[in-house]
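What follows is a set of notes on a single structure, which appears directly below.
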Amino acid sequence: MSIRKRLAIQGFVFAIIAALLLPLGMSGATVPSRQLTKTHARKVTERKIVKKRVVMRRRAAVKRSVRSARTRTVVRRTVAERRVVRRTPVRTARARYVRRPRIRRRRYYQTWTTSSYSDDQTAGDITAGEDPVVRQAAIEALGDMNGAVVVIDPDTGRILAMVNQKLALAGGAIPCSTIKLSVALAGLSEGIVTKDTKINIGGGVRLDMTQALAHSNNLYFEALGRKLGFERVAHYAHEFGLGEMAGWDITGEHLGTYPSHEIPAKDGGVGRMCSFGQGVNMTPLQLGALMASIANGGTLYYLQHPTTVQQEEDFQPRVKRYLNIAQYVPEIMPGIAGAVDYGTARLLRQSFTDEEVVGKTGTCSEGGTRLGWFVSFANTQRGRVVAVFMLQGGRPTYGPRAAALAGKFYRSLYDHNFFARTGPLTPTPVAETATGLNNGESR
């Protein structure tokens, strides 16, 4: 073997020995960081991950504490006021809390000054000339609610029963949504709308008259009222009997008034007058006479209330005037029928489903008193009868509640065979009277 080969072999052997001794530290040299083992590198990585998780948890805890601190409130009461303040954190060199005042929104609660219930509704009523079956049905339906009921024969104008005459004959009240009947007939008479004409009420919603009457939509009738204008609205209101006496020599009757000019714009103007009767005073007798003219096709009678048996026997209908609404009544019938079937007066159907009933509700408040109206007529094959329910009080008083009471009233009449007893109402001799006058008197 040559010297060159021996040296090559020795160098290779020494290289192998050095490679084996260096990891064991036998060489005495320092091991650089880049030569760490895979196991040691994995442990370092795990420590970093754990440390990162700890930091993230601490940050999350800080965020939760800040969020809870923002929602905590401290309520301070003083003699003059109650202040609500909120504690919120402020980031400074050292964490601390400061109190920042928060504006508290005031909630408006209506205070009612009139009770919804009464136990003396019939005190002082004169009942000698009334129909006993109708009166008893009205008394039972009204129950202990604070209100009045007026029942009218639409083909003669005779008042069959009037419960709580003191309230029924008083100066009236805001008609709420029952005013929509007058406005609907005015719009149809002027040719501004038909029952199928859709009016944009905002938000991309368009309603026709049937929907607006059934659901008592204020925006529809505000828009219709503005199209009509005050002069035309007032003209038809007076034509339909508003602003004048509804009765013929009824002792104690007071006048329900209609304004001579449009209410201020800040109060809603003619739109509010047409949506729920702002500025108008209507009596139950005026509303009943209007609905009676719708039921009979356009004859506006003076209402008469016989107070003795002799007056009942000598009764003779008296026409105030004839209204040109016969062609428009079919246009509003689907709406006032829909109110009972699926709209604001649907509570009536909980008690009475045997015959067709059409009507209109009204709910609003005035001077600390909440009002609930419902005017309707039973449109049966054997006779018709108009009923006006007027309720006053607080929160339990509203139009749909009046409709529910009317359902009980019609139920009682039906169970006592009232419609079968009366049969088809036959016309009686009519005394025509000068328009708008009572016995020659100007009212």
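The values are calculated or read from the model by the stated rules, or taken from the named source; none is laboratory data. All values reported here derive from a predicted model rather than from experimental measurement. Cβ placement follows ideal geometry from the backbone for every residue including glycine, while neighbour counts extend to all protein chains displayed.
Which residue out of Thr397, Thr361 is of a type in the set (S, T, N, Q), modelled with pLDDT of 95 or more, within 22 Å of the chain's Cα centre (by Cα) and in a loop (DSSP other than H, G, I, E, B)? It would help to see each step written out before you state the result.
Values: Thr361 fails: in a loop (DSSP other than H, G, I, E, B).
Sole residue among the options that is of a type in the set (S, T, N, Q), modelled with pLDDT of 95 or more, within 22 Å of the chain's Cα centre (by Cα) and in a loop (DSSP other than H, G, I, E, B): Thr397.
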**Fill in**
Here the residues within the stretch 205-246 that are in contact (Cβ under 8 Å) with a residue 12 or more places away in the chain, under 27 Å from Ala345 (Cα atoms) and not in a helix (DSSP H, G or I) are Leu207, Asp208, Ser216, Asn217, Phe240, Gly241, Leu242, Gly243, Ala246
**Item:** Test for Leu348: is it assigned by TED's automatic domain parsing to the domain that holds Ala420, crowded, with 24+ Cβ neighbours inside 10 Å and at pLDDT 95 or above
**Value:** yes
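Among the listed residues Asp314, Asp354, identify the single one that is over 16 Å from Thr299 (Cβ atoms), free of Cβ contacts under 8 Å to residues at least 12 places away in the same chain, surrounded by fewer than 20 Cβ atoms within 10 Å (Cβ to Cβ) and of a type outside the set (Val, Ile, Thr).
Working: Asp354 fails: free of Cβ contacts under 8 Å to residues at least 12 places away in the same chain.
Answer to the check: Asp314.
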**Message:** I'd like the full set of residues that are among the small types (Gly, Ala, Ser) and either touching a Phe, Trp or Tyr at 6+ places or on another chain (Cβ under 7 Å) or at positive phi (or both), limited to the stretch 257-292.
**Reply:** Gly268, Gly269, Ser275, Gly277, Gly279, Ala289, Ala292
**Prompt:** Restricting to the stretch 357-404, what's the tally of residues that are crowded, with 18+ Cβ neighbours inside 10 Å and of a type in the set (Lys, Arg)?
**Reply:** 4
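If I ask for residues that are within 19 Å of the chain's Cα centre (by Cα) and closer than 11 Å to Leu224 by Cα, which ones from the stretch 197-207 would you list?
Of all residues in the stretch 197-207, those within 19 Å of the chain's Cα centre (by Cα) come to 201-203, 205-207.
Hit for the stretch 197-207 is Ile201, nothing else.
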**Fill in**
Among the residues of the stretch 266-314, the number that are touching a Leu at 6+ places or on another chain (Cβ under 9 Å) and part of a strand (DSSP E or B) is 4
**Phe230 in contact with a helix residue (DSSP H, G or I) (Cβ under 6 Å, 6 or more places away or on another chain) and at pLDDT 95 or above** = yes
**Request:** Tell me, please, whether a residue that is in contact with a Phe, Trp or Tyr (Cβ under 7 Å, 6 or more places away or on another chain), buried (at least 24 other Cβ atoms within 10 Å of the Cβ), aliphatic (A, V, I, L, M) and under 30 Å from Thr114 (Cα atoms) can be found in the stretch 323-344.
**Result:** no
**Prompt:** Which one of the conditions (1) at negative phi; (2) modelled with pLDDT under 95; (3) of a type outside the set (D, E, K, R) does Leu185 fail to meet, given that it meets all the rest?
**Reply:** (2)
